[in-house]
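These notes are about the structure you will find just below.
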Amino acid sequence: MPFFYSVKQLRRLILLLILLAGWEFASRYILDKTQATLLPPPSGVLNGAIELSFSGELWKHIRDSLAREFIAFCYASVAIPLGIVMGCFKWVNEQVDPIIEILRPIPPIAWIPLSILWFGVGNTQNQFIIFLGIFFPILLNTIDAVKNIEPNLIRAARCLGARGWNVITRVVLRAALPQIVTGIRIGLGVGWMALVAAELVGANSGLGFLINDARTVLRTDYILDGMLAIGLIGLTLDRLIRYAARKFMPWSRALNA
Amino acid sequence: MSALKVEHLSKIYPALNNKGQAVQALDDVSLEVNKNEFVSILGHSGCGKTTLLNLIAGFEAPTAGRIECAGKEVKEPGADRSMVFQDYALFPWLTVRDNIAFGLSIKGVDSATIKKDVEHFAALVGLSSFIESYPHQLSGGMRQRVSIARALAVDPTVLLMDEPFAALDAQNRAMMQQEMIRILAEESKTVVLVTHSIEESINLSDVIIVMTRRPGRVKKVIHVPEPRRMIEDTPSYLAVRKQIRELISDEHDLSEVS
């Protein structure tokens, strides 16, 4: 069974392999030298990746980018208590909501010029941009989750003797958790995109810096390697959260159904 | 002393906007439930019977009148009036064990007692072997058993049941009614049940309170001759059923009452 399954999975890669082969062929035999420099063949990209990983440079940039994403996420997680308070108390929502509605449509990238003036080029500025990317998806999903809690769950808790703080920690937070995790997933994705943009213009390290720096020395293979790393890490982050959610909240699909 | 006393209770829902009309859901409802008595509130949907139950539970405040539970005025929800909901309202993130334990752990009962009590009530509703399951792994009937165990575990003065078997199919409903009779034989409880099923109310109750249509009033209080030993199609059963049907058919639209 597992054998057939993996064969089936491999079949899905046929088109990808054909395209890669076509690319390799075009780059080697059709494009002239200048063009081939701009689009190196997959084998060249692979060689670049091997160079970058053996020199340790790739890992350093990945580590710096991930550290920024992680620190920004820690700050952005204040969106969870804020969202719960906004979902539970109408008057807080009334006051905070207009501010959020104005700030939310501004893309994190639009904050880059101002943030460079505020924080200079470096970690703080990068983290600020990522923070903006992560914060709003978590906040909006948390508010929505709290508002959509089945009212009978709250009633059930109250007629079993729970009140105030107990209702929030034992029912509201738990019932909202699956959608909060969805918010975190979306937020980390948006944050990861914002991170690369922030590093393109205002960093001395990180994957965004790597691909921009490679541009100045015309190392297109490094550019492609950096782009691939950005994509693969984004995908991995998303899968890890999904995996963790399924593992630690086996009931969550039942709740959302 | 009666377990539950409802005096001259009225509930008016104000108009939602200036075009709408205020709705009087309940009008001067008074009733008394004695200790260990099973009382059914029977009526059409829209007769305010669920409103009455919500007021007793403390989820809503009455417009006029007063509710007393064991001599204490009802002002907010509390574990002395735990409820079994039609949609079960189990906490999906908790196992059967932790659902049943919820009220006890809020009370601050020590864990050894909780464990003992949870196992007792899980056994009472016949779910001992599913104690570590999550609600989504259980069938509708089993979920309602958990809900009953959870509500009984806090040892309420009055157990409130809001159409608890309405979401189940006919066979499960009949079985759950039998289960309820068995459970109450083992664990005597004061119960207020809201239902639109005449048969259910006859099968389970000591007293049936028939409500009028909007605004809800008490139309008639019927004492069941042999509570929880009524056998279908016997003359006394048919007599009670006929009496209730006539009371209800006065409330014109018969379609919703089975």
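Overview of values
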quantity: Any pair with Cβ under 6 angstrom, 6 or more apart, that starts in region B:77-106 at a residue that is within 7 Å of another protein chain (Cβ to nearest Cβ) and ends at one that is among the small types (G, A, S) and surrounded by fewer than 22 Cβ atoms within 10 Å (Cβ to Cβ); calculated: B:P77/B:G58; B:A79/A:G161; B:P92/A:A254; B:G103/A:G161; B:G103/B:A79; B:I106/A:G161
quantity: Residue count for region A:119-151, restricted to those that are aliphatic (A, V, I, L, M), under 19 Å from A:V92 (Cα atoms) and away from chain B (no Cβ under 14 Å); calculated: 5
quantity: Of all residues making up region A:101-127, the number that are touching a helix residue (DSSP H, G or I) at 6+ places or on another chain (Cβ under 7 Å) and under 30 Å from A:E150 (Cβ atoms); calculated: 1
quantity: Restricting region B:107-127 to residues that are within 14 Å of chain A (Cβ to nearest Cβ) and in a helix (DSSP H, G or I), the residue that is surrounded by the fewest Cβ atoms within 10 Å (Cβ to Cβ); calculated: B:K107
quantity: Any hit, region B:128-142, residues being over 17 Å from B:K189 (Cβ atoms), within 10 Å of chain A (Cβ to nearest Cβ) and of a type in the set (A, V, I, L, M, F, W, C); calculated: no
quantity: Any hit, region B:193-200, residues being touching a Lys or Arg at 6+ places or on another chain (Cβ under 7 Å), in a helix (DSSP H, G or I) and β-branched (V, I, T); calculated: yes
quantity: Test: residue in region B:38-55 that is in contact with a helix residue (DSSP H, G or I) (Cβ under 7 Å, 6 or more places away or on another chain), within 14 Å of chain A (Cβ to nearest Cβ) and within 21 Å of B:Q24 (Cβ to Cβ); calculated: no
quantity: Pair list, Cβ < 9 Å and 6+ apart or interchain, from region A:83-100 residues that are closer than 18 Å to A:L177 by Cα to residues that are outside any helix (DSSP H, G or I) and among the aliphatic types (A, V, I, L, M); calculated: A:G87/A:I149
quantity: Exclusive hit being in contact with a strand residue (DSSP E or B) (Cβ under 8 Å, 6 or more places away or on another chain) and either at pLDDT below 85 or not polar (S, T, N, Q) (or both), set B:I183, B:I222, B:I231; calculated: B:I222
quantity: Wholly enclosed helices (runs of 4 or more DSSP H) of region A:201-257 bearing at least 1 residues away from every other protein chain (no Cβ under 14 Å) and in contact (Cβ under 8 Å) with a residue 24 or more places away in the chain; calculated: A:207-216, A:220-248
quantity: Boolean, B:E73 is surrounded by fewer than 18 Cβ atoms within 10 Å (Cβ to Cβ), touching a residue at least 60 places away in the same chain (Cβ under 8 Å) and within 20 Å of the chain's Cα centre (by Cα); calculated: no
quantity: All positions within region B:146-171 that are within 11 Å of chain A (Cβ to nearest Cβ) and assigned to a strand (DSSP E or B); calculated: B:L159, B:L160, B:D162
quantity: Residue that is β-branched (V, I, T), assigned by TED's automatic domain parsing to the domain that holds A:M227 and either modelled with pLDDT of 90 or more or more than 13 Å from A:T220 (Cα to Cα) (or both), where the choices are A:I18, A:I50; calculated: A:I50
quantity: Any hit, region B:63-71, residues being on the phi < 0 side of the Ramachandran plot and touching a His at 6+ places or on another chain (Cβ under 9 Å); calculated: yes
quantity: Options B:Q137, B:Q144; residue that is at pLDDT 90 or above and more than 25 Å from B:G78 (Cα to Cα); calculated: B:Q137
quantity: Tally of residues being within 12 Å of chain B (Cβ to nearest Cβ) and not polar (S, T, N, Q) across region A:168-196; calculated: 9
quantity: Conditions (1) assigned to a loop (DSSP other than H, G, I, E, B); (2) modelled with pLDDT of 85 or more: number failed by B:T50; calculated: (1)
quantity: Hits in region A:157-167 - residues which are facing another protein chain (nearest Cβ under 9 Å) and over 14 Å from B:W93 (Cα atoms); calculated: A:R158, A:C159, A:L160, A:G161, A:A162, A:R163, A:N166
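The values are calculated or read from the model by the stated rules, or taken from the named source; none is laboratory data. This one's a predicted model, so the numbers in the text were calculated from it and none came from an experiment. For neighbour counting, all protein chains shown are included, and Cβ atoms are generated from backbone atoms with ideal geometry for every residue, glycine included.
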